[in-house]
Amino acid sequence: MDSALLPSLRRFSAVPLGGLLLGLLLLTGCGSEGDTTTLRLGHGMAPDHPVSKGMRYFAHTVDSLSDGKMNVEIYPSEQLGTERQCLELLQIGSLDMAKVSSAVLEGFSRDYRVFGLPYVFRNDEHRFNVLEGEIGREILLSGQDVWLRGLTYYDAGSRSFYTADTPIREPADLKGLKIRVQQSPVAIQMVQELGAQATPISFGELYTALQQGVVEGAENNPPSLHSTRHYELVDYYSLDQHTSPPDVLLISTHTWEDLTEQQRSWVQTAADASLQKQKAYWAQAEREAMKVVKEAGVEIVRPDKSKFVEAVQPLYEQYRKNQPRVYELFQRIRNLHSSDDS
Ligand code: GCU
């Protein structure tokens, strides 16, 4: 295995941690008090975000399936650390669950990189056929050996550029712009391929970075542009929809191994049910977000996507040559049909 993908405790110790986080480090595995088992779940979204609502539905479902014998405590808004830090806590067994973007998992379990490649899905139906089918399941379980067992995906739509001063109508408009990207190798490569300067910054620090002009733009889906209020700081939202990395709900393999068969079944059943519910929350939030963003005066640009598709072709070639496993997954995804294909 690639040593960069191994859980690294050395790297973990270099991360600055808040007091709450340090407190948690002293705890191990899931907590049990009397008859009740409690799972702690950390993530970075604001409580009103549609992915947060999906997780609350998950927690309610675990509670009702188990008749109150299991409960899930949710810590939103990076209270327990960034997405990357939450994954590291899962790896050492100090946190039970996390929700992160698949983009951040790319550095931990290589298979997730396929979701970071631009224009990998043809449409939403194709995307969910992949995520809810055999390929999706295979990728969720690919992190099991690095202590990150995926339970389900959540809809995170498609990501597009938003910028302070420059409307992005074609890739050439990105030239030289400092664009915030997620901590994802593929996102960095892609944004560079498009001519911009990729600047990885954590989600929670981005508002200030945009405000202070550290970056001139970023990219995200409409509900996240809305719930972070980044739309207050930019003038253009250019819907090139370059990537669609899903969100992922994970459980530490340490915790999973401590659960009984019955408890595992409650957790997995609730996770599956929460995806179906979350898709509906998502669709509604996406419509509302676009409305709010437009009303706030952000200009919605609808660029010709084919120019972006053309500009990222060399990226596929790099993966074909250098990352055969990711490229194989990419081809399997491309070859999977959806009913509206002609
Ligand atoms: C999306 C995704 C988050 C992620 C964020 C980001 O909103 O759902 O999990 O943190 O993008 O850009 O970092």
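The values are calculated or read from the model by the stated rules, or taken from the named source; none is laboratory data. Keep in mind that what you see is a predicted model, and the values were worked out from it rather than measured. Glycine also receives a Cβ, built like all others from the backbone with ideal geometry; neighbour counts cover every protein chain displayed.
I'd like to check something: does segment 157-164 contain any residue that is surrounded by fewer than 18 Cβ atoms within 10 Å (Cβ to Cβ) and under 14 Å from F308 (Cβ atoms)? Steps first, please.
Residues of segment 157-164 that are surrounded by fewer than 18 Cβ atoms within 10 Å (Cβ to Cβ), as a first pass: 164.
When the remaining residues are screened for being under 14 Å from F308 (Cβ atoms), the result is none.
Scanning segment 157-164 turns up no residue that is surrounded by fewer than 18 Cβ atoms within 10 Å (Cβ to Cβ) and under 14 Å from F308 (Cβ atoms).
Reported count of residues in segment 136-187, each being within 13 Å of the ligand (Cβ to nearest atom) and either in contact (Cβ under 8 Å) with a residue 60 or more places away in the chain or part of a helix (DSSP H, G or I) (or both), is 14.
One residue alone among E78, E83, E88 is under 14 Å from the mean Cα position of the chain (by Cα), surrounded by 22 or more Cβ atoms within 10 Å (Cβ to Cβ) and among the charged types (D, E, K, R), and that residue is E83. Filtering segment 192-223 to residues that are touching a residue at least 24 places away in the same chain (Cβ under 8 Å), within 14 Å of the ligand (Cβ to nearest atom) and more than 23 Å from M290 (Cβ to Cβ) leaves S202, G204, A209. Within segment 87-99, the only residue that satisfies the criterion of being touching a Lys or Arg at 6+ places or on another chain (Cβ under 8 Å) and either assigned to a helix (DSSP H, G or I) or within 12 Å of the ligand (Cβ to nearest atom) (or both) is E88. Filtering Y207, Y236 for residues that are surrounded by fewer than 18 Cβ atoms within 10 Å (Cβ to Cβ), hydroxyl-bearing (S, T, Y) and not assigned by TED's automatic domain parsing to the domain that holds P76 leaves a single hit, Y207. For A271, the conditions (1) closer than 30 Å to D165 by Cβ; (2) touching a Ser or Thr at 6+ places or on another chain (Cβ under 6 Å) all hold with the exception of (1). Applying the selection to segment 100-115, what residues are part of a helix (DSSP H, G or I) and more than 15 Å from the ligand (Cβ to nearest atom)? Residues satisfying the conditions are R110, D111, R113, V114.
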